[in-house]
Amino acid sequence: MANFETVEVNTDVLILGGGMAACGAAVETAYWAKENGLKVTLVDKAAMDRSGAVAMGLSAINQYVDVCGGKNTIKDYVDYVRNDLMGITREDLVANIARHVDSTVHLFEKWGLPIWTDADGNYVHEGRWQLMINGESYKVIVAEAAKNAVGNDNIYERVFIVEPLVKDGKCVGAVGFSVRENKFYVFKAKATIATMGGAVHVFKPRSSGEGLGRSWYPPFNSGASAYFTIRAGAEMTCQEVRFIPVRFKDAYGPVGAWFLLFKSRATNGLGESYMETRRPELENWKPYGLVKPVPANLRNWLMMLDVMEGKGPIFMRTEEAIANLSKQVPDEKERKKKLRELESEAWEDFLDMTISQAILWAATNTAPEEKPSEIAACEPYFIGSHSGASGAWVSGPEDIAPEGYFWGYNNMTTVEGLFAAGDASGASSHKFSSGSHAEGRIAGKAAVAYAVDHADAPSIDNAKIEEIKKKILMPLDIFEEHKKLSSDPDINPNYIRPKMFMFRLQKIMDEYAGGVSTSFTTSKQLLEKGLELIDFLKEDAEKLAAEDLHELMRCWENVHRTWQAEAHVRTILFREETRWPGYYFRADFPKMKDDWHAFANCVWHPDKNEWEMIKRDVKHVYAEAADHELLGG
Ligand SMILES: Cc1cc2nc3c(=O)[nH]c(=O)nc-3n(C[C@H](O)[C@H](O)[C@H](O)COP(=O)(O)OP(=O)(O)OC[C@H]3O[C@@H](n4cnc5c(N)ncnc54)[C@H](O)[C@@H]3O)c2cc1C
């Protein structure tokens with residue numbers, strides 16, 4: 001076995017990940033831990049300053065409810081999320097985040113994040129719920145507060161978490177390895193919070209060949225949260241609810257500012273607006289098809305219908321939007337000034353968060369005020385915090401959760417001692433960066449309470465740890481043993497390298513689970529065949545080979561993706577209807593069905609190595625409670 005030092009860290013609360021939810025968990029946990037004399041430890045596979053989906057920065061905070069300003073009620077937000085997710089949402093979780101999110105945004109501002117204000121000092125809104133920010137350093141600012149709270153000595157960066165430690169059905173920590181030095185880490189904890197983001201590159205991306213590596217979702221998040229919670233035996237929810245954003249084509253630049261701030265239209269190659277010409281189609285998806293705003297997946301769907309009829313390319317009419325906005329200024333000199341302002345805002349929007357889109361514009365001589373730019377549906381991603389919903393099934397808050405939705409501690413999964421937030425917790429979409437931070441705070445406080453109530457130090461058999469260590473480091477041994485057997489180290493009868501493994505997974509998902517090349521369409525027969533191929537792939541995962549530490553991380557990232565993929569395929573198969581046609585289409589069940597107004601959950605039983613599928617009721621409870629009660633009077 002490769003020579004690795006084992007480092008054991010004992011802690012009370014363990015935070016896995018260093019992204020938005022983890023940073024929220026860090027500040028809150030550190031506060032309550034100090035009150036109770038507990039230790040907090042945080043582990044990130046990357047460096048917190050620039051890790052996770054907010055790494056490059058963002059140009060807007062997408063969830064700000066402004067309850068105290070009287071602009072919206074919490075119920076407004078819950079209604080919006082429920083409708084966007086076609087009725088399938090945990091209203092208790094959404095309301096809990098919505099009642100805490102504004103204070104999170106105020107903390108960001110206090111820590112130094114520049115939020116745009118108008119001449120009267122009011123926040124500038126991009127849309128009803130979104131605030132414009134100068135967000136290039138968003139993550140650096142939020143991470144700084146988290147690091148100060150937890151303390152650098154308790155933070156482990158560049159440590160990749162692989163597996164949960166489970167004893168008697170309870171999560172007692174996690175194991176992983178350093179991606180920089182030969183160290184194997186064993187973290188033993190009374191309470192563990194999974195906040196390792198969502199998953200990308202499970203499906204074949206549109207960008208392949210010279211564009212490989214480009215995607216909307218950041219390449220750093222590869223299904224660790226899903227794998228961790230599934231392998232711990234946690235019940236999972238909404239595993240079928242992938243997210244397919246429509247973004248600027250090829251460089252995946254954001255469209256929010258164009259649609260919401262610049263009031264731009266999207267038209268097909270014939271100049272028709274699919275949101276108008278295809279409007280009658282929305283009747284087929286009532287009641288959600290008739291609400292405002294039209295749910296994200298249905299907007300996708302109307303566009304996809306045009307594309308499938310050969311009416312592409314689809315364009316964002318940037319030139320039209322800029323012309324419309326500048327012509328509202330009557331004075332010619334002022335109009336020119338306004339035009340320059342709009343142009344620079346357009347570029348800044350990309351430079352704040354998707355620099356490559358600005359580079360693509362420059363490379364293709366695109367002046368947004370002169371010509372439109374193509375937009376397209378991306379490949380599917382798993383991001384429960386955005387417009388997808390996949391994640392663990394977690395306990396709601398005691399004061400709002402209906403029967404069956406609360407089991408002792410906020411955001412605890414169905415596994416004792418294991419909490420989840422952000423992309424790691426499911427059925428509570430549209431929390432975005434701010435809501436993920438707020439949810440991290442909620443989970444952090446609950447995890448401290450759990451650690452106080454369950455004060456026994458966790459123990460786990462050393463022999464068991466040695467066994468896991470051997471398994472995790474195995475790809476290094478396999479490579480060493482067999483690398484000389486062929487002249488090209490990529491081609492070897494004894495092993496598969498992680499990149500090739502990933503290509504195989506992506507091909508399976510693309511062709512059988514409704515990826516880009518099948519226009520997001522699938523069926524029972526395709527899904528069953530896909531599952532058979534995933535089974536073979538899982539067998540071959542035992543032959544993954546790694547030349548170095550970096551490749552060892554790649555190996556495990558792909559194992560994580562494979563489990564996310566399997567949960568996805570099984571759940572699409574289980575839900576015998578089409579509910580989100582712009583995310584995936586079941587050709588054999590092309591309509592939405594009343595009896596599927598329910599959650600499709602799944603659990604993998606570690607003791608039996610078996611999956612169980614569970615249908616759970618959607619309980620619309622929130623409408624009963626008034627905002628002042630939710631805010632604590
Ligand atoms: C392209 C894009 C644009 C977005 N735009 C906006 C926007 O404009 N406004 C907005 O409010 N929100 C936006 N969001 C949403 C927002 O970024 C997410 O909701 C938020 O980051 C989710 O927080 P999280 O903590 O769950 O995941 P992340 O912030 O992604 O953090 C995940 C963390 O887990 C770590 N990690 C992953 N795997 C492992 C492992 N195996 N071991 C240890 N650590 C691991 C990562 O390094 C990272 O620190 C956008 C998201 C994307 C992808």
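The values are calculated or read from the model by the stated rules, or taken from the named source; none is laboratory data. Note that this is a predicted model, so its numbers are computed, not measured. Glycine also receives a Cβ, built like all others from the backbone with ideal geometry; neighbour counts cover every protein chain displayed.
Are any residues in region 37-71 away from the ligand (no atom under 16 Å from the Cβ) and either modelled with pLDDT of 95 or more or in contact with an Asp or Glu (Cβ under 7 Å, 6 or more places away or on another chain) (or both), and if so, which ones?
Residues satisfying the conditions are Gly37, Leu38, Lys39, Val67, Cys68.
Got at least one residue in region 93-115 being within 11 Å of the ligand (Cβ to nearest atom) and acidic (Asp, Glu)?
No; the residues of region 93-115 include none that is within 11 Å of the ligand (Cβ to nearest atom) and acidic (Asp, Glu).
Could you please find all residues in region 282-309 being of a type in the set (D, E, K, R) and either in a loop (DSSP other than H, G, I, E, B) or within 19 Å of Ile375 (Cβ to Cβ) (or both)?
Lys286, Lys292, Arg299, Asp306, Glu309
For the subset of region 54-100 comprising residues that are acidic (Asp, Glu) and without any contact (Cβ under 8 Å) to a residue 24 or more places away in the chain, which member is nearest to Gly391 (Cα to Cα)?
Going through the qualifying residues, I end up with Asp79.
Please determine, by comparing only the residues of region 227-249 that are part of a strand (DSSP E or B) and among the aromatic types (Phe, Trp, Tyr), which one is nearest to Thr366 (Cα to Cα).
Phe248
Check Glu272 against each of (1) assigned to a loop (DSSP other than H, G, I, E, B); (2) closer than 24 Å to Arg128 by Cα; (3) in contact with a Lys or Arg (Cβ under 9 Å, 6 or more places away or on another chain); (4) more than 16 Å from the ligand (Cβ to nearest atom) and name the one condition it does not meet.
Result: Glu272 passes all but (2).
How many of the residues making up region 248-269 are within 17 Å of Phe203 (Cα to Cα) and within 11 Å of the ligand (Cβ to nearest atom)?
Final tally of qualifying residues: 1.
Quick check: is even one residue across region 391-407 over 23 Å from Asp12 (Cα atoms), near the ligand (Cβ under 10 Å from one of its atoms) and at pLDDT 95 or above?
Yes, region 391-407 contains at least one residue that is over 23 Å from Asp12 (Cα atoms), near the ligand (Cβ under 10 Å from one of its atoms) and at pLDDT 95 or above.
Taking into account only those residues within region 208-226 that are in a helix (DSSP H, G or I) and surrounded by 22 or more Cβ atoms within 10 Å (Cβ to Cβ), which is farthest from the ligand (Cβ to nearest atom)? It would help to see each step written out before you state the result.
First, the residues of region 208-226 that are in a helix (DSSP H, G or I): 209-211, 224-226.
Filter once more, keeping what is surrounded by 22 or more Cβ atoms within 10 Å (Cβ to Cβ): 224-226.
Working: Ala224: 3, Ser225: 7, Ala226: 10 Å.
Applying the filter and picking the extreme gives Ala226.
Among the candidates Asp461, Asp453, single out the residue that is more than 16 Å from the ligand (Cβ to nearest atom), over 30 Å from Val105 (Cβ atoms) and modelled with pLDDT of 95 or more.
When all the criteria are applied, what remains is Asp453.
Kindly provide the set of residues from region 535-553 that are more than 20 Å from Pro493 (Cα to Cα) and surrounded by 17 or more Cβ atoms within 10 Å (Cβ to Cβ), ordered by number.
Leu549, Met553
Scan region 303-333 residue by residue and report those that are among the polar types (S, T, N, Q), farther than 22 Å from Tyr252 by Cβ and touching a residue at least 24 places away in the same chain (Cβ under 8 Å). Before you say what the answer is, go through the steps one by one.
Going through region 303-333, the residues among the polar types (S, T, N, Q) turn out to be 318, 324, 326, 328.
Those still in the list that are farther than 22 Å from Tyr252 by Cβ too: 324, 326, 328.
Within region 303-333, just Asn324 meets the criteria.
I'm trying to understand the selection: among the residues of region 192-207, which are assigned to a loop (DSSP other than H, G, I, E, B), over 11 Å from the mean Cα position of the chain (by Cα) and not aliphatic (A, V, I, L, M)?
His201, Phe203, Lys204, Pro205, Arg206, Ser207, listed by residue number.
Collect the residues in region 17-36 that are more than 16 Å from the ligand (Cβ to nearest atom) and either under 28 Å from the mean Cα position of the chain (by Cα) or closer than 16 Å to Ala191 by Cα (or both), keeping them in residue-number order.
Of all residues in region 17-36, those more than 16 Å from the ligand (Cβ to nearest atom) come to 30-36.
Ala30, Tyr31, Trp32, Ala33, Lys34, Asn36 - these are the residues of region 17-36 that are more than 16 Å from the ligand (Cβ to nearest atom) and either under 28 Å from the mean Cα position of the chain (by Cα) or closer than 16 Å to Ala191 by Cα (or both).
Return the only residue of Leu14, Leu85 being buried (at least 24 other Cβ atoms within 10 Å of the Cβ) and more than 14 Å from the ligand (Cβ to nearest atom).
Leu85
Considering only residues that are away from the ligand (no atom under 16 Å from the Cβ) and within 25 Å of the chain's Cα centre (by Cα), look in region 171-191 and name the one that is farthest from Trp604 (Cα to Cα).
Residue satisfying both the conditions and the ranking: Ala191.
Take Lys593 and decide whether it is farther than 24 Å from Arg616 by Cβ, of a type in the set (Lys, Arg) and either at pLDDT 95 or above or in contact with an Asp or Glu (Cβ under 9 Å, 6 or more places away or on another chain) (or both).
no
Report, by residue number, each residue of region 184-207 that is surrounded by 24 or more Cβ atoms within 10 Å (Cβ to Cβ) and over 20 Å from Gly52 (Cα atoms).
Phe187, Ala189, Lys190, Ala191, listed by residue number.
I'm trying to understand the selection: among the residues of region 102-119, which are in contact (Cβ under 8 Å) with a residue 12 or more places away in the chain and assigned to a helix (DSSP H, G or I)?
Asp102, Ser103, Thr104, Val105, Leu107, Phe108, Trp111, listed by residue number.
Kindly establish whether Ile508 is buried (at least 21 other Cβ atoms within 10 Å of the Cβ), β-branched (Val, Ile, Thr) and within 30 Å of Lys470 (Cα to Cα).
Considered against the rule, which asks whether it is buried (at least 21 other Cβ atoms within 10 Å of the Cβ), β-branched (Val, Ile, Thr) and within 30 Å of Lys470 (Cα to Cα), Ile508 comes out as yes.
Restricted to region 234-247, and to residues that are buried (at least 24 other Cβ atoms within 10 Å of the Cβ) and of a type outside the set (Val, Ile, Thr), which residue is farthest from the ligand (Cβ to nearest atom)?
Once the filter is applied, the top-ranked residue is Glu240.
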